[in-house]
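Trainee: After the structure tokens below, expect a handful of questions from me.
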Amino acid sequence: MNKRLKNTAIFATMLSLMLTSCSAPKKHVETTPSDLPRPTETSLETEPTEPEETLPPYHCINPKFEKLSAEEICALLTLEEKANQMVQGANYNMPLDEMQKNCYGSVLSHYPVWPASPQDEWAEVVSRYQDAALLSGTRIPMIYANDCTHGVLEARGSVIFPQNINVGAADDETLTYEMGMLTGSDMQHCGFLWTFSPCVASAQDPRWGRTYESYSDDEELVGKHSLAYTKGLLTQNVLPCPKHFIGDGYAVFGTGEGEYLIDRGDAKMTDEQIQKCLKVYKDLIDAGVPTIMLSHSSLNGVKMHENKEFIDKLRNELGFKGVIISDWESIHNCSGADDKANVILCVNAGVDMLMEGDSYAETRDLIIEAVNEGSIPMERIDEAVIRIIQMKMDCGLFEDPFQENRVPSYDWNSEHAHSVARKMAAESMVPLVLPEDGPITLQAGMKVFVMGPAADDTGALCGGWTYLWQGGLDADADTGRWCAEGPSILEALKASASEIGFEIVTDPAEMENCDVILLCIGEKPYAEMHGDTEDLSITGSLALPGNKEAIEKIAEYKKSNEGKKKSQQVELKPVITLIVAGRNVLISDYVSDWDEVVMCYLPGSEGGNAVSDILTGKTEFFGRLPMPYYASIEQIGAESGEVWLPRGFSAAEKKIDPENPEGTEPSETTES
């Protein structure tokens with residue numbers, strides 16, 4: 001078994017309950033992973049198979065499946081085996097003996113504790129699960145999935161690419177394609193063959209916590225980059241999964257599920273808007289995507305997981321032949337009276353695999369009950385299972401279940417990955433305000449004062465879906481850095497200062513003696529509903545601690561000459577403000593104090609280097625706004641002429657008056 005690693009600390013304490021109980025916890029348990037033991041080398045059969053003594057202990061797909069089609073394999077399975085294939089459980093909640101007993105269709109990766117495991121340990125985890133699946137009575141290979149939204153999510157040492165909103169701002173299809181290739185390559189190093197990406201939402205309201213997962217609010221830009229990224233993934237023979245079908249970016253503020261403000265809410269869409277979104281999916285289907293994930297949200301009042309009308313459109317009008325998967329435990333929030341009713345609703349509507357991180361076993365049982373009582377036709381079950389088996393065949397799992405013949409295109413943590421991430425991050429920087437004579441360039445002999453909470457924080461540069469679901473700040477990391485794969489803004493500038501010959505100053509007492517002031521502010525990392533916000537302000541509920549104080553210090557400095565005689569006035573040095581945030585946060589109350597404003601969005605692990613490249617003139621401004629920039633909450637959803645800055649704007653192409661940000665005419669900007 002040449003892919004088996006020596007005994008390593010696979011997780012930290014996670015799955016300590018893996019071999020102690022066959023019943024999964026009823027709710028998420030924040031445990032840390034432990035070393036995964038080997039599955040028991042016995043066959044727990046659910047139907048008669050070849051005698052056990054004739055089977056090798058590992059690497060064995062059931063011999064009776066050899067040379068059979070997906071349809072023929074499905075015909076040999078019991079109802080129980082088919083139902084097992086239709087559920088996906090979370091790794092922290094699925095003991096190996098459960099996999100060995102039931103041969104579940106898939107495992108998804110969720111790692112609740114930082115730091116993440118390195119790629120070789122993840123590959124071992126996947127291998128252990130495959131051992132268990134192939135020691136079962138069914139012996140169909142399982143497939144392992146992960147949210148690789150901007151690089152591999154939960155593997156220490158992975159290059160963290162810019163978030164989707166940066167990709168839209170850079171608008172460089174070649175780099176997007178390479179990002180897909182590199183992510184697919186890194187997935188293989190970890191054993192992950194299925195990624196829940198790209199996100200093809202077109203966020204219409206920046207108060208939504210998933211705005212940064214959107215390439216743009218415009219479906220044309222979303223379609224262009226989701227297609228390029230998907231094609232890159234497909235070169236690595238990994239499985240992309242566009243999400244979330246359909247309309248999640250159109251959810252209306254105030255309609256969020258439960259207590260959420262907007263996330264998982266009701267998308268109120270016109271036929272024209274729906275058709276634009278459908279075209280994005282049609283192009284991805286034509287490119288060969290094998291899986292699609294449904295949205296937590298509703299479409300005009302109907303939860304998408306039970307929206308048979310639109311799932312049928314996906315099949316019949318768009319021609320999708322692959323696997324439709326639910327989002328995390330989303331079936332439980334549909335309109336049925338109980339879990340069983342919701343399982344029946346969703347499976348009959350067309351859901352093939354149910355992502356049930358905590359409830360996979362219970363959901364499997366409900367599928368079986370529903371079929372036995374006639375609430376779900378066996379034909380619907382067969383349809384789903386055939387698609388799932390075909391998906392596994394198409395990505396080579398029946399021929400190479402332990403991925404021993406796969407050769408990733410790039411080394412793990414490759415220089416090329418760093419180069420692509422750095423270039424994309426630099427290209428995504430959008431100048432919102434520039435001095436009349438152009439960008440301020442840091443040069444030899446200058447003294448540069450660096451301040452603000454985003455200046456020296458790698459976690460802030462990366463945002464959510466970075467090692468953990470919600471991401472984290474450097475203050476949350478025991479080792480001092482959330483993301484060790486790249487420098488902070490301050491570290492990168494210090495390196496450039498040494499190379500070019502300017503001086504970095506951080507002592508507040510020396511601020512007025514410097515030539516340039518660099519103010520670095522931003523948002524806390526967040527994901528999904530935790531990023532929903534009412535205020536959207538750079539000093540609001542999701543602002544980095546210290547934003548307000550840093551902004552006020554600059555305001556006080558800018559007013560320092562007020563009331564003084566001309567002879568007593570000092571020369572005010574220019575202020576460059578860098579905004580590290582997952583959306584176009586409100587800054588209209590403060591922007592008049594800033595001479596240059598750069599929207600960095602969430603540029604990833606190479607974000608610090610990218611900022612330095614821009615500020616030192618190594619790279620020119622290239623990025624343009626991928627969605628409108630509003631001056632107030634009241635402007636959200638307004639026509640382009642009524643917003644501060646429209647989509648496609650770059651101050652490098654057209655200057656604006658920071659004193660009158662609402663006066664920008666759309667005819668004076670460049671639209672994408």
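The values are calculated or read from the model by the stated rules, or taken from the named source; none is laboratory data. This structure is a prediction, so every number in the text was calculated from the model and none was measured. Backbone-built Cβ (ideal geometry, glycine too); neighbour counts: all protein chains shown. The area values use the complete protein model at the heavy-atom level, side chains included, leaving out ligands, DNA and RNA. Shrake-Rupley method; radii C 1.70, N 1.55, O 1.52, S 1.80 Å.
Trainee: Take residues that are in contact with a strand residue (DSSP E or B) (Cβ under 8 Å, 6 or more places away or on another chain) and farther than 25 Å from C74 by Cα and tell me which of the helices (runs of 4 or more DSSP H) falling wholly in the stretch 291-409 contain 1 or more.
Mentor: Result: 308-316.
Trainee: Touching a helix residue (DSSP H, G or I) at 6+ places or on another chain (Cβ under 6 Å) and open to solvent by 50 Å² or more (accessible area, probe 1.4 Å): which single residue out of D338, D283 fits that description?
Mentor: Every option except D283 fails the conditions.
Trainee: Among the listed residues T539, T533, identify the single one that is open to solvent by 10 Å² or more (accessible area, probe 1.4 Å) and not in a helix (DSSP H, G or I).
Mentor: T539
Trainee: Looking at (1) open to solvent by 20 Å² or more (accessible area, probe 1.4 Å); (2) part of a loop (DSSP other than H, G, I, E, B); (3) among the acidic types (D, E), which is the only condition E220 fails?
Mentor: All conditions pass for E220, except number (2).
Trainee: Okay, moving on. Could you list, in sequence order, all residues of the stretch 240-280 that are in contact (Cβ under 8 Å) with a residue 60 or more places away in the chain, touching a strand residue (DSSP E or B) at 6+ places or on another chain (Cβ under 8 Å) and open to solvent by 10 Å² or more (accessible area, probe 1.4 Å)?
Mentor: The one that is in contact (Cβ under 8 Å) with a residue 60 or more places away in the chain, touching a strand residue (DSSP E or B) at 6+ places or on another chain (Cβ under 8 Å) and open to solvent by 10 Å² or more (accessible area, probe 1.4 Å): R264.
Trainee: Please indicate, with yes or no, whether at least one residue in the stretch 212-232 is more than 21 Å from A581 (Cα to Cα) and among the polar types (S, T, N, Q). Quick ask: steps written out before the conclusion?
Mentor: Taking the stretch 212-232 and keeping what is more than 21 Å from A581 (Cα to Cα), we get 219-220, 223-224, 226-232.
Then drop every residue that is not among the polar types (S, T, N, Q), which leaves 226, 230.
Scanning the stretch 212-232 turns up at least one residue that is more than 21 Å from A581 (Cα to Cα) and among the polar types (S, T, N, Q).
Trainee: If you don't mind, there's one more thing I want to ask. I need the full set of residues from the stretch 153-171 which are under 11 Å from the mean Cα position of the chain (by Cα) and under 18 Å from S419 (Cα atoms), in order please.
Mentor: Passing the criteria: I160, F161, P162, Q163, N164.
Trainee: Mind checking which residues of the stretch 165-178 are under 21 Å from T291 (Cβ atoms) and open to solvent by 10 Å² or more (accessible area, probe 1.4 Å)?
Mentor: Selection gives Y177 alone.
Matching residues to (1) in a helix (DSSP H, G or I); (2) open to solvent by less than 20 Å² (accessible area, probe 1.4 Å); (3) at negative phi:
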residue: D411; (1), (2), (3): no, no, yes
residue: H416; (1), (2), (3): yes, no, yes
residue: A421; (1), (2), (3): yes, yes, yes
residue: A426; (1), (2), (3): yes, yes, yes
residue: P435; (1), (2), (3): no, no, yes
residue: G445; (1), (2), (3): no, no, no
residue: A460; (1), (2), (3): yes, yes, yes
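Trainee: Let me ask another. Is there a residue being under 17 Å from P112 (Cα atoms), open to solvent by 10 Å² or more (accessible area, probe 1.4 Å) and at pLDDT below 95 anywhere in the stretch 142-153?
Mentor: Within the stretch 142-153, not a single residue is under 17 Å from P112 (Cα atoms), open to solvent by 10 Å² or more (accessible area, probe 1.4 Å) and at pLDDT below 95.
Trainee: More than 30 Å from V385 (Cβ to Cβ), open to solvent by less than 60 Å² (accessible area, probe 1.4 Å), at pLDDT 95 or above and not β-branched (V, I, T) - does that describe any residue in the stretch 288-303?
Mentor: Checking the stretch 288-303: at least one residue is more than 30 Å from V385 (Cβ to Cβ), open to solvent by less than 60 Å² (accessible area, probe 1.4 Å), at pLDDT 95 or above and not β-branched (V, I, T).
Trainee: Out of (1) assigned to a loop (DSSP other than H, G, I, E, B); (2) within 33 Å of the chain's Cα centre (by Cα), what's the single condition that is false for V570?
Mentor: (2)
Trainee: Of the residues that sit in the stretch 474-500 and are surrounded by fewer than 19 Cβ atoms within 10 Å (Cβ to Cβ) and in contact with an Asp or Glu (Cβ under 6 Å, 6 or more places away or on another chain), which one is farthest from R210 (Cα to Cα)?
Mentor: Looking at residues that are surrounded by fewer than 19 Cβ atoms within 10 Å (Cβ to Cβ) and in contact with an Asp or Glu (Cβ under 6 Å, 6 or more places away or on another chain), I get R481.
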